[in-house]
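Inspection log for the structure reproduced underneath, given as structure tokens.
A short reminder: the numbers here are calculations on the coordinates, not readings from a lab. What you see is a predicted model, and the numbers here were worked out from it, not measured in a lab. Note: ideal-geometry Cβ built from the backbone for every residue, glycine included; neighbour counts use all protein chains shown.
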């Protein structure tokens, strides 16, 4: 089964990426894999503190995932899978795509403020020609109604 890979993070545009992935998956009979990446800690010498921070990050990720997963199950009939990785986000995204040949589309949300589309969109779109699957960039300001129309 083909899968859409979408990144769960703390950005506002993440919501539209989740919506798009779920709507497209529901309409095409695909699945959704949600990836969240915990960035490497700067202060590794404080092992006890780093471990607590990792545990708290995982709990926060799982709580956010459950909100999205419930919506996907209840509204779209999609049962998403959560993957949590630690490392640099772009590197981990590419690793997940390489590890799962069923991932057919990477979905990212683009920021809509003056700072630009966001670091992941910028970094991955620069190397889009070499990605192992298509990259879909969903505008962060696109309305829910418009997303439903185009999916």
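Structural remarks
- Normalised by residue number, the volume inside the convex hull of the Cα atoms of the stretch 6-75 is 81 Å³ per residue.
- Distant alpha-carbon pairs in the stretch 3-150 (separation over 25 angstrom), percent: 27
- Calculated mean residue ellipticity at 222 nm for the chain: -14000 deg cm²/dmol, from DSSP H runs with n ≥ 4 weighted as -39500 (n - 2.57), summed, divided by the residue count and rounded to 500.
- The Cα atoms of the stretch 71-146 give a gyration tensor whose axes a ≥ b ≥ c have a/c of 1.5 or more with a/b no greater than b/c, which makes the shape oblate.
- Measuring nothing but how far apart in sequence close Cα pairs (under 8 Å, 6+ apart) lie, relative to its length, the stretch 3-150 scores a relative contact order of 33 percent.
- Rg to Rh quotient for the stretch 112-151, alpha carbon positions, Kirkwood Rh: 1.04
- The packing ranking of peptides 17-23, 64-70, 139-145, 129-135, highest mean first, is 17-23, 64-70, 139-145, 129-135, where packing means the average number of other beta carbon atoms within 10 angstrom of each residue.
- For 81, 6, 138, order by how many other beta-carbon atoms lie within 10 Å, fewest first: 81, 138, 6
- Inter-part distance where the stretch 123-151 and the stretch 58-113 are each reduced to a Cα centre, Å: 14
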